[in-house]
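Working notes, structure below.
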Amino acid sequence: MDINTRDFPARARQALGDGALRRALATSNKSFRHSRDQAVAEIPEWQALRTYGQQAKKRAVDALPTALNAFRDRFTARGGQVHFAEDAADACARVRAILERHGARRIVKSKSMVTEEVRLNQDLENHGYEVIESDLGEYIVQLAEEAPSHILAPAIHKSRQDIAELLHRHLGTAPDADIPTMTRAARVALRQRFLDADVGISGGNFAVAETGTLVIVENEGNARLTTTLPKVHIALVGIEKVLPRRRDLAPLLRLLCRSATGQQLGSYISFIGGPRRSGESDGPEEVHVILLDGGRLDLWHDPKGREALHCIRCGACLNVCPVYERIGGHAYGWVYPGPIGSVITPRFVGLGEAKDLAHASSLCGRCDEVCPVKIPLHKLLLENRAQSVEQGHVDAGAGLVVGGFARLVGSPKLWRWALALARPLYRLLRRTPVTRWGALGAWQAGRTLPSLEGPSFRQRWRRRHARGGGR
Amino acid sequence: MTARGRLLSFVGDVDTTTQQAAEGRLLEVHPSPWVASRPAAGEDLAERFRRELEALGGEWLDTAELGIEAVLAPWLRSLAEGLGRPLRVVVDPQLLTASSPVFDVLKSVAAGVLAVLPAVVPGTCGDGVPGTCATTAELAAADLGISLVDLAIAETGTLVERPRPGRPRALSLLPPHHLAVLPRCRLVAGLEDLFDHIDALEGDSEADDAFGAYFTWISGPSRTADIEKVLTVGVHGPGRLTVLWLDDALPAS
Ligand code: SF4
């Protein structure tokens with residue numbers, strides 16, 4: 001996916017004005033939250049489970065070199081092949097080298113955010129390969145020539161009418177087809193692609209070092225097809241997905257599936273340990289796992305950022321984020337939206353490139369509460385802000401305002417005086433549109449300002465105490 | 001250090017002894033917390049499995065009372081009637097041995113009900129494996145895939161299948177309807193128990209332990225909610241999943 005993080009303010013503003021998008025996001029977020037909350041309520045020990053998940057991921061990430069080394073050894077011993085890719089270009093080149101060796105042309109893909117990260121589809125298409133996405137949501141956004149907007153539900157920004165029109169054009173279904181009809185049509189269209197594909201490309205949720213096993217969680221069955229039918233399977237996985245012990249899978253799968261979709265488990269979980277064995281009549285003859293750095297090592301070396309590598313990509317933080325809910329995934333300008341996107345995108349594409357993302361948060365902390373592995377997302381966001389200030393990515397105006405604010409709150413007298421002045425100014429601002437006044441106008445345009453009713457808290461407090469009331 | 005090779009040196013600069021010691025530390029036991037979703041001691045696992053399966057939209061065929069013949073034969077006939085033609089079935093070779101109760105039923109209902117079932121006459125496939133090695137094309141054209149389950153998890157209503165010589169991985173994937181034969185002795189309580197039990201199984205080859213080349217967990221029919229979060233079944237995998245419960249006898253493999 002192209003990096004468009006610099007346009008974040010403009011994209012966010014545009015998204016805010018898109019009523020259909022905001023309705024779609026509100027409905028889907030509510031539905032995601034509802035399923036997750038129910039599934040979590042079934043486990044009274046949820047907090048203990050989160051703590052375990054946090055520690056398991058910490059053990060894994062802290063021991064990353066050992067765990068990666070062990071995964072490579074075990075997976076290779078099972079006949080699989082492990083590659084290490086430094087960056088996007090490296091990852092794409094390694095995929096192409098495998099494709100060339102097999103004279104492959106047709107590629108079928110199951111959902112993988114890492115392949116979005118390295119822009120694999122564009123790279124392969126530029127080199128003349130035919131790439132088809134098979135996850136229903138990914139297939140829809142691919143047909144629409146768009147990017148995924150949610151890490152679990154890529155087409156969540158589109159209404160069923162949008163999709164019906166799209167499939168009408170591409171698959172000839174009725175322009176007002178219902179969801180089961182559209183799903184069936186996609187199944188039929190994609191089934192042939194699976195049968196014809198030379199190579200299947202997937203992502204991966206966990207790579208277990210102890211056993212040399214790649215674990216893929218899904219619901220549709222397209223990842224199973226992608227990793228079963230073509231002669232060659234290539235998985236692109238971030239290095240942080242390696243887990244030392246197989247026994248950590250049980251708690252982590254519980255945390256992941258319940259947080260992601262509210263299921264106990266995804267419909268299909270595949271455990272892949274190399275190519276097919278003798279006597280088997282299907283399954284890939286070659287299996288490659290490409291482990292990607294892509295900025296993760298830098299994050300690993302930063303003690304104040306490393307926790308971001310604990311993420312298991314469940315999407316729960318997106319679904320509770322008031323900012324994500326109002327602007328959607330595309331506004332973030334890169335692969336990972338929502339709180340986790342605001343945390344890792346600047347680290348992967350550069351703080352200077354994505355400085356505005358650190359501010360795409362109200363710091364309400366709901367993401368911290370739902371994160372199944374207890375990543376302190378808002379703390380990491382603040383760290384990004386601090387680092388972008390240190391690196392000089394903040395404009396002088398913002399510095400002045402913040403400096404002035406610090407002076408104000410530092411002196412009770414100044415503060416009271418400023419408040420007294422602020423109330424009439426605020427009332428004026430509520431009634432008068434100031435669209436021409438740059439930043440203030442932009443701020444005002446995106447919101448309905450609440451009215452300031454009655455006296456201030458201070459005044460009420462003083463009055464109540466003057467009356468001698470305790471409460 | 002050049003950018004290229006940075007990750008390799010990050011991973012690779014450890015000698016074997018250091019690596020082994022570090023791995024040893026990583027594999028230390030960290031007991032995971034008990035969670036209420038795990039079946040309690042004494043809970044009826046079959047009942048629990050059934051409840052979870054049905055909640056996922058799977059169907060339960062219980063042979064405990066009437067016996068396998070009386071349950072499976074009419075079920076197959078009604079599927080064929082529904083289609084208005086013989087049912088195209090692909091069967092796990094493990095279920096096609098002379099001692100398998102499923103094999104007897106398939107033979108008894110074969111004529112006019114089942115089609116494309118060369119293996120009803122036991123033959124060999126691949127490396128001398130009994131049964132038929134269905135091709136991917138045959139699987140794609142089948143109405144029903146019948147497999148013998150290796151393990152099942154009561155907690156989540158999950159079926160576990162490992163590859164076997166002669167049994168394609170896609171047997172439980174390509175046909176629109178999957179019939180999974182589950183004997184009681186293969187049912188375990190929770191996710192943690194599964195990892196313990198799988199260690200007791202033999203590996204796929206001499207070089208492998210039980211984790212082997214591949215295994216898959218199946219929890220309910222294939223589903224998606226990618227369009228407006230509306231749940232729809234049968235998108236890429238089977239839209240129907242039926243479990244045939246054998247209360248006692250395990251078909252010999
Ligand atoms: S940061 Fe936490 S909540 Fe957000 S996607 Fe990652 S694991 Fe899920």
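The values are calculated or read from the model by the stated rules, or taken from the named source; none is laboratory data. Note that the coordinates shown come from a computational prediction; the quantities given were computed from them, not determined experimentally. Cβ sites come from the backbone with ideal geometry, for glycine too, and all protein chains shown count toward neighbours. Note: accessible area is taken over every heavy atom of the protein model, side chains too, but ligands, DNA and RNA are not part of it. Shrake-Rupley method; radii C 1.70, N 1.55, O 1.52, S 1.80 Å.
Report the GluC sites (Glu not before Pro) located in region B:6-58 that are in a DSSP loop and have at most 14 other Cβ atoms inside 10 Å of their Cβ, or state none.
Details: sites: B:Glu23, B:Glu28, B:Glu43, B:Glu47, B:Glu52, B:Glu54; in loops: B:Glu28, B:Glu43.
Passing both the DSSP loop test and the Cβ count: B:Glu28, B:Glu43.
Once fully extended, how much extra length lies between B:Asp44 and B:Thr97, figured as 0.36 nm per residue of separation less the alpha-carbon to alpha-carbon distance? Don't skip to the end; give the middle numbers.
On the way: separation 53, 0.36 × 53 = 19.08 nm, distance 3.06 nm.
Extra length available between B:Asp44 and B:Thr97 comes to 16.0 nm.
When you count, for each residue, the other Cβ atoms within 10 Å and take the mean per peptide, how do A:222-228, A:99-105, A:165-171 rank with the highest first? Spell out each step's value before the answer.
Values: A:222-228: 28.9, A:99-105: 13.4, A:165-171: 16.7.
Sorting A:222-228, A:99-105, A:165-171 by mean packing, highest first, produces A:222-228, A:165-171, A:99-105.
How would you order B:170-179, A:384-393 from highest to lowest mean count of nearby Cβ atoms within 10 Å?
On the way: B:170-179: 24.7, A:384-393: 16.1.
Descending mean neighbour count gives B:170-179, A:384-393.
Pick out, in residue order, every one of the GluC sites (Glu not before Pro) in region B:133-235 that is DSSP loop and has at most 11 other C-beta atoms within 10 Å; say none if there are none.
On the way: sites: B:Glu138, B:Glu155, B:Glu161, B:Glu192, B:Glu202, B:Glu206, B:Glu228; in loops: B:Glu155, B:Glu202, B:Glu206, B:Glu228.
When the GluC sites (Glu not before Pro) of region B:133-235 are filtered for loop state and at most 11 Cβ neighbours within 10 Å, B:Glu202, B:Glu206 remain.
Indicate the gyration tensor shape class of region A:1-151 (rounded, prolate or oblate), computed on the Cα atoms with a ≥ b ≥ c the square roots of the eigenvalues: a/c under 1.5 is rounded; otherwise a/b larger than b/c is prolate and the rest oblate. Write out the running numbers ahead of the final one.
On the way: a/c = 2.01, a/b = 1.11, b/c = 1.82.
Because a/c hits 1.5 or more and a/b fails to exceed b/c, region A:1-151 counts as oblate.
Report the one residue of A:Pro148, A:Gly137, A:Ala189 whose Cα lies farthest in the direction of the positive end of the charge dipole of region A:119-228 (charges on C-beta: Lys and Arg +1, Asp and Glu -1; origin at the Cα centre).
Of the candidates, A:Ala189 comes out farthest on the positive side.
Could you please state how large a percent of the accessible area of the protein assembly as shown is carbon and sulfur, counting protein chains only and using a 1.4 Å probe?
Numbers: 15950 of 29680 Å².
Ligands and nucleic acids excluded, carbon and sulfur give 54 percent.
Taking every DSSP beta bridge that has both residues in chain B, what percent is antiparallel when rounded to the nearest 5?
Details: 11 of 34 bridges.
Around 30 percent of the beta bridges assigned by DSSP in chain B are antiparallel ones.
For A:Lys158, go through the lysines and keep the ones whose alpha-carbon is under 24 Å away, minus same-chain ones fewer than eight residues off.
Output for A:Lys158: A:Lys30, A:Lys109, A:Lys111, B:Lys229.
Using 1/(1 + (r/R0)^6) with R0 = 45 angstrom and r between the beta carbons of B:Ala64 and A:Arg191, what's the FRET efficiency to the nearest 0.05? Walk me through the intermediate numbers first.
Details: r = 37 Å, r/R0 = 0.82.
The pair B:Ala64/A:Arg191 has a calculated efficiency of 0.75.
Percent antiparallel among DSSP beta bridges with both residues in chain A, to the nearest 5? Before the final figure, lay out the partial values.
On the way: 8 of 33 bridges.
Roughly 25 percent of the beta bridges in chain A run antiparallel, per DSSP.
Of the residues B:Ser219, B:Ser100, B:Ser37, which exhibits the maximal mean-square fluctuation in a Gaussian network model of chain B defined by a 10 Å Cα contact cut-off?
It is B:Ser37.
Charges on Cβ only, +1 for Lys and Arg, -1 for Asp and Glu, centred on the Cα centroid of the protein assembly as shown; of B:Phe215, A:Leu309, B:Leu87, which one is farthest towards the dipole's positive end?
Ranked along the dipole, the leading option is A:Leu309.
When we measure straight from the Cα of A:Lys58, which lysines land under 22 angstrom away, once same-chain ones fewer than 8 places off are left out?
Once the sequence-local lysines are set aside, what remains near A:Lys58 is A:Lys241, A:Lys304, A:Lys374, A:Lys379.
Ignoring ligands, DNA and RNA, how do B:Asp226, B:Asp196 rank by accessible area with a 1.4 Å probe, largest first?
Putting B:Asp226, B:Asp196 in descending order of accessible area: B:Asp196, B:Asp226.
Roughly how crowded by other chains is peptide A:175-184, in terms of the mean Cβ count from those chains within 10 Å of each of its Cβ atoms?
Working: counts 0, 0, 0, 3, 8, 7, 1, 2, 11, 4.
Across the residues of A:175-184, the mean count of other-chain Cβ atoms within 10 Å is 4.
As an exercise, find the ratio Rg/Rh for the protein assembly as shown from alpha-carbon atoms, using the Kirkwood inverse-distance average for Rh. List each step's numbers first, then the result.
Working: Rg = 28.1 Å, Rh = 27.6 Å.
Result for the protein assembly as shown is an Rg/Rh of 1.02.
Label points 7 Å out from Cα along the Cβ direction at A:Thr181 and A:Gln161: separation in nm?
The modelled label-to-label distance comes out at 1.6 nm.
With a Förster radius of 60 Å, plug the Cβ-Cβ distance of A:Lys413 and B:Ala21 into 1/(1 + (r/R0)^6) and report the FRET value to the nearest 0.05. Each step should come with its number before you reach the end.
On the way: r = 63 Å, r/R0 = 1.04.
With a Förster radius of 60 Å, E is 0.45.
Using Cβ-Cβ distances only, list the Cys residues of chain A with no partner cysteine under 4.7 Å, sorted by number.
That list is A:Cys92, A:Cys257, A:Cys311, A:Cys314, A:Cys321, A:Cys364, A:Cys371.
Might you report the magnitude of the Cβ-based charge dipole of region A:56-294 about its Cα centre, with Lys and Arg at +1 and Asp and Glu at -1, to the nearest 20 debye?
Values: 31 positive and 32 negative charges, 200 e Å.
For this selection, approximately 960 debye.
For region A:56-294, what does the relative contact order come out to in percent, with C-alpha contacts under 8 Å and a separation of six or more? The partial results should precede the final answer.
Details: 435 pairs, mean separation 68.7, N = 239.
In percent, rounded to a whole number, it is 29.
Mind checking the per residue accessible area of chain A for me, 1.4 Å probe, whole number of Å²? Display every interim value, and only then the final one.
Numbers: 19570 Å² over 471 residues.
Averaged over the residues of chain A, the accessible area is 42 Å².
Taking R0 as 60 Å, what FRET efficiency do you get between A:His168 and A:Leu429 from their Cβ-Cβ distance, rounded to the nearest 0.05?
Values: r = 48 Å, r/R0 = 0.80.
Efficiency for this residue pair is about 0.80.
Please state the charge dipole magnitude for region A:282-340, taken about the Cα centre, from unit charges on C-beta atoms (+1 on K and R, -1 on D and E), reported in debye and rounded to the nearest 20. Walk me through the intermediate numbers first.
On the way: 5 positive and 8 negative charges, 94 e Å.
I would put it at about 460 debye.
Pop out the ³J(HN,Hα) list for region A:219-236 in order, Karplus 6.51 cos²θ - 1.76 cosθ + 1.60 with θ = phi - 60°, rounded to Hz; leave Gly and Pro as x.
Result, rounded to whole Hz: 10, 8, x, 6, 6, 4, 4, 4, 9, 10, 7, x, 5, 10, 10, 10, 10, 9.
With a probe of 1.4 Å, find how much accessible area chain B has per residue, and write the answer as a whole number in Å². Could you put the intermediate results ahead of the total?
On the way: 10110 Å² over 253 residues.
Per residue, chain B has an accessible area of 40 Å².
Just how much of B:Phe49 is accessible, in Å², when a 1.4 Å probe is used and the result is rounded to the nearest 10?
0
Could you let me know the centre-to-centre spacing of region A:348-393 and region B:43-86, using Cα atoms, in angstrom?
52
With +1 on each Lys and Arg Cβ and -1 on each Asp and Glu Cβ, how big is the dipole of chain B about its Cα centre, in debye rounded to the nearest 20?
On the way: 20 positive and 35 negative charges, 192 e Å.
For this selection, approximately 920 debye.
I'd like the mean, over residues of B:169-179, of how many other protein chain beta carbons sit within 10 Å of each residue's own Cβ.
On the way: counts 12, 8, 2, 3, 8, 9, 0, 1, 0, 0, 0.
For this peptide, the per-residue mean of nearby foreign Cβ atoms is 4.
Amide H to amide H, which residues 5 or more places from A:Phe84 or on other chains are under 5 Å from it, using H placed in the peptide plane?
A:Leu291
Ignore the peptide's own chain and count Cβ atoms of other chains within 10 Å of each Cβ in A:422-430; give me the average, rounded.
Values: counts 0, 0, 0, 0, 0, 0, 0, 0, 0.
Mean inter-chain Cβ contacts per residue within 10 Å come to 0.
Put +1 on the Cβ of each Lys and Arg and -1 on the Cβ of each Asp and Glu in chain B; which of B:Leu159, B:Leu139, B:His178 then has its Cα farthest toward the positive end of the dipole?
Toward the positive end, the furthest listed residue is B:Leu139.
Take every DSSP beta bridge with both residues inside region A:56-294 and express the antiparallel ones as a percent of the total, to the nearest 5.
Values: 8 of 33 bridges.
Around 25 percent of the beta bridges assigned by DSSP in region A:56-294 are antiparallel ones.
What list of ³J(HN,Hα) couplings, whole Hz, do you get for region A:318-334 from phi and the Karplus terms 6.51, -1.76, 1.60, once you set θ to phi - 60° and write x for glycine and proline?
Working through the residues one at a time gives 5, 6, 9, 7, x, 6, 4, 4, 8, 10, x, x, 5, 4, 5, x, 8 Hz.
Measure nothing but the geometry: give the 0 to 90° angle between the long axis through the Cα atoms of A:19-41 and the longest principal axis through the Cα atoms of chain A, rounded to 10°.
On a 0 to 90 degree scale, this one is about 80.
Just to be sure I understand: if you take the accessible area of chain A alone plus chain B alone and subtract the pair, with a 1.4 Å probe, what total do you get in Å², rounded to 100? Walk me through the numbers on the way to the answer.
Values: alone 23230 and 14010 Å², together 29680 Å².
For chain A against chain B, roughly 7600 Å² becomes buried.
Would region B:46-246 count as rounded, prolate or oblate if I go by the C-alpha gyration tensor, calling it rounded below 1.5 in a/c and otherwise prolate when a/b exceeds b/c, oblate otherwise? Kindly include the intermediate steps, with their values, before the conclusion.
Values: a/c = 1.35, a/b = 1.10, b/c = 1.24.
The shape class here is rounded.
Which angle from 0 to 90°, rounded to the nearest 10, does the C-alpha axis of helix A:64-77 make with the longest principal axis of chain A?
The answer is roughly 20 degrees.
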